[in-house]
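Down below is the structure, laid out as structure tokens.
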Amino acid sequence: MDLRKFLEQLDSLKELEMLEGADWNLEIGAITELSDEKNGPALLFDKIKGYPAGHRVVSNLLGTPRRWGVAFGLPSDIGPTEIVLRAKQKLTSLRPVAPVEVSTGPVLENVQEGDDVDMLSFPVPKWHEYDGGRYIGTADMIITRDPQGGWVNVGTYRIQLHDRRTLGWFTSPGQHGRQMREAYWAQGKACPVAAVFGAHPLVWMPSFLTLPWGSSELEMVGGLLGEPLQVIKGKLTGLPVPAHGEIVIEGECPPPTVETREEGPFGEWPGYYGSGVRKEAVIRVKRVMYRRNPVIVGVPPLKPPASANATYIVKSAQIWSEIEKLGIPGIKGVWCNRSGGGRYLTIVSIEQKYAGHARQVAMAAMACPTGAQHGRFVVVVDEDIDPSNEEDVLWALCSRCDPAEHIETVRNCWTTPLDPTLSPEKRAAGNISNSRAMLLACKPYYWKKDFPRVNRASDELREQTRNKWKARLPGLAR
Ligand SMILES: Cc1cc2nc3c(=O)[nH]c(=O)nc-3n(C[C@H](O)[C@H](O)[C@H](O)COP(=O)(O)O)c2cc1C
Ligand SMILES: [Mn+2]
């Protein structure tokens, strides 16, 4: 459950590069982008300009499928689709394990309280050129308790650094943390909140998955780890915070009638500064706990297909698991495409079992909790298509989908202010919704057997030919 163990693992696999002397102001962000575009290693920044040695930032921590595989404890030599399959199996069989309260842990090595609180004492990057400020919270965990039900939610929502003791908290409509803070505000109260900046990937992971309302992310962490997550009871909020968190804050989020600040713009995951700048709620920080030589985990959203974080691997696995839990048969693979930021284009391959099966799968992929949030296109392909192979998916779409027959659109779906397609009129009206398209790129079930044969040479003929001609044409050898 310790981020530092994971860093050691990456280091031993030559998947971690240490860099000294970079500037928090745009330089860390630009290095992160250039390196991620080349599928580079995780980057651990130390001796950041103007900050003491040991106050670190790590980016691209999970920038490739392989590093997610390492986080899941899988062999380091298996490919992306295999990682999705194994992760899906893990998620499907997972049983929740409640966290265990401990009295102390590494996070208590340093504490700032009251007037001593100083969020500027951490080397928080300004990630992109047009960002409205520095963002400490990208791959973070925001912890809140429902004032009615008493259950604790953890979500990843971006956090801007306004000043020593003030943070900006942006969450899109429908998010659990947002619903909870609104419930406090409705009672005229500030919402107690804790936030974690830096945690082990498996401790962080459930907070970016869309679990059902009432379902505990911290219990999912226990299931993933195979042991209860160790938490400390926050002194001010009573909220459970990970004992091995790198930097953890406690504070409160007052109603917007009491205080707001301008938030954004921020370079966002669809590849734009979509939501611009708005007044948003703030967190008044009352207490900071942090480990010796703390490491902020930074995941600046990048213009796709770069991502700084291959969360699409986990989302693919989770959507697959959610569809299977509905009892729908024949799912052979799920792939959330990188160019869609892992959300705008989901491809599912199936072995069709009955007429209407493909449409059912498309609707399930669109409506299951993880798939419902902020999507645009769902494409269903047959079992002969690898959903992670973009060119094959496009070939299937071009050759098996008759648009008038096989494309359906659905309006008024759940989206976010980040959505670049939201028109000025819709934004002004507060109509944060978009439409979805389901594209069936599979052979129609009822005449599948009669669908024209594919004109590619058989595996046997290809093999024979390769063997016979490889001396003259070495390029043919695999
Ligand atoms: C790196 C990263 C950053 C994210 N930033 C935000 C954000 O700023 N605001 C937001 O509403 N959702 C953000 N999300 C998506 C939410 O974490 C996700 O929708 C999750 O389901 C929210 O938790 P909840 O379902 O408990 O509300 C982000 C996800 C990731 C992976
Ligand atoms: Mn939740």
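Between Leu26 and Glu109, the C-beta separation translates, for a Förster distance of 25 Å, into a calculated FRET efficiency of about 0.25. Cβ-to-Cβ counts within 10 Å put Arg453, Arg158 in ascending order as Arg453, Arg158, the fewest first.
Residues Leu229, Leu44, arranged from fewest to most other Cβ atoms within 10 angstrom of their Cβ, appear as Leu44, Leu229. Site pair Arg164 and Arg95 shows an inter-label distance of 5.1 nm when each label is modelled 7 Å from Cα along Cα→Cβ. Of the GluC sites (Glu not before Pro) found in the range 67-176, those in coil by DSSP whose Cβ has at most 11 other Cβ atoms within 10 Å are Glu129.
Taking the range 390-416 and a reference point 7 angstrom along Cα→Cβ of Trp447, no backbone N atom is nearer than 11 Å. If R0 equals 35 Å, the separation of the Cβ atoms of Glu425 and Asp118 corresponds to a calculated FRET efficiency of about 0.20. Among the cysteines of the chain, those with no neighbouring cysteine Cβ under 4.7 Å are Cys336, Cys368, Cys398, Cys401, Cys413, Cys442. Ordering 287-293, 389-395 by mean Cβ neighbour count within 10 Å, with the highest value first, yields 287-293, 389-395. Take 357-366, 373-382, 46-55 and order them by the average number of nearby Cβ atoms within 10 Å per residue, most first; the result is 373-382, 357-366, 46-55.
Per-residue extension of 0.36 nm, minus the Cα-Cα distance of Tyr354 and Arg4, leaves a gain of 121.1 nm for this segment.
Distance between the modelled labels on Met18 and Val258, one decimal in nanometres: 4.4 nm (7 Å Cα→Cβ projection).
Hey, which of these cross-link pairs are over 25 Å Cα-Cα: Lys443/Lys468; Lys14/Lys47; Lys5/Lys47; Lys279/Lys426; Lys126/Lys303? Where the Cα-Cα span goes over 25 Å, the pairs concerned are Lys443/Lys468. Here is the tail figure for the range 311-447: Cα pairs spaced more than 20 Å apart come to 43 percent of all pairs.
Measuring between their Cα centroids, the range 394-468 and the range 87-137 lie 38 Å from each other. Ranked by the mean number of other Cβ atoms within 10 Å of their residues, highest first, the peptides 160-167, 298-305, 244-251 fall in the order 244-251, 298-305, 160-167.
Residues whose amide H falls under 5 Å from that of Gln230, counting only those 5 or more places apart or on a different chain, are Val100, Ala243, with hydrogens built in the peptide plane. The string of couplings for the range 264-278 from the Karplus curve (6.51, -1.76, 1.60, θ = phi - 60°) is x, x, 9, x, 10, 5, x, x, 9, 9, x, 8, x, 10, 9 Hz, one whole number per residue in order, with x for Gly and Pro.
At 222 nm, what helix-only mean residue ellipticity would the chain give, in deg cm²/dmol to the nearest 500, using -39500 (n - 2.57) for each DSSP H run of four or more? Rounded to the nearest 500, the figure is -7500 deg cm²/dmol. With neighbour counts taken as other beta-carbon atoms within 10 Å, the residues Cys368, Cys413, Cys336 rank, fewest first, as Cys413, Cys368, Cys336. Applying the Karplus relation 6.51 cos²θ - 1.76 cosθ + 1.60 with θ = phi - 60° to the range 115-130 yields 3J(HN,Hα) values of 5, 6, 4, 8, 5, 6, 7, 10, x, 6, x, 9, 7, 10, 4, 9 Hz, where x marks Gly and Pro.
For the range 246-323 versus the range 1-75, the spacing of their alpha-carbon centroids is 18 Å.
Laboratory data are not the source of any read-out in this text; all were calculated from the coordinates shown. On a predicted model such as this, the values are computed, not experimentally measured, just so you know. All Cβ positions, even for glycine, are placed from backbone atoms using ideal geometry, and neighbour counts span all protein chains on display.
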